[in-house]
Amino acid sequence: MESLINQLMTNPVVLAVVMVLAVLILFSVIKKLVKLALVAVAVLALYLGYLVYSGKEVPRTADELKETLQNKYEEGKEVVEKKVSEMNTSLKEKTFELMEEKVEKLFEDTTGVQVQK
């Protein structure tokens, strides 16, 4: 570690390259953070615009906004869980029906006797 520091201090070209790389990395991180902040502000603006357009109460404080978003998240989570459960049940039923048909067809093909339900 000390040899690396000594090499940086004694060789100005290496020091310049390291400084340029550090500035580029810092610039890249700041650029990504700015993009993230802009997206967050845009989503918040769209949400507030939706609230105004729909006539719903616009949160006045950050705590009210946080509570509203948390409630909407929970509602959405419940809806998704319900739909997934319904789809799972439907998928099980359809799979059972298809397997029954395949077994009957296989039995008919091997024995030549039709299966009555």
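None of the figures in this text is laboratory data; all of them are computed from the coordinates on show. Remember, predicted model here, so these are calculated numbers, not experimental data. Note that we place each Cβ from the backbone using ideal geometry, even for glycine, and neighbour counts take in every protein chain shown.
Looking at segment 77-91, can you tell me whether even one residue there is among the polar types (S, T, N, Q), closer than 21 Å to residue 40 by Cβ and surrounded by 10 or more Cβ atoms within 10 Å (Cβ to Cβ)? No, segment 77-91 contains no residue that is among the polar types (S, T, N, Q), closer than 21 Å to residue 40 by Cβ and surrounded by 10 or more Cβ atoms within 10 Å (Cβ to Cβ).
Name the single residue that is farthest from residue 70 (Cα to Cα) among those in segment 42-56 being among the hydrophobic types (A, V, I, L, M, F, W, C) and more than 18 Å from the chain's Cα centre (by Cα).
52
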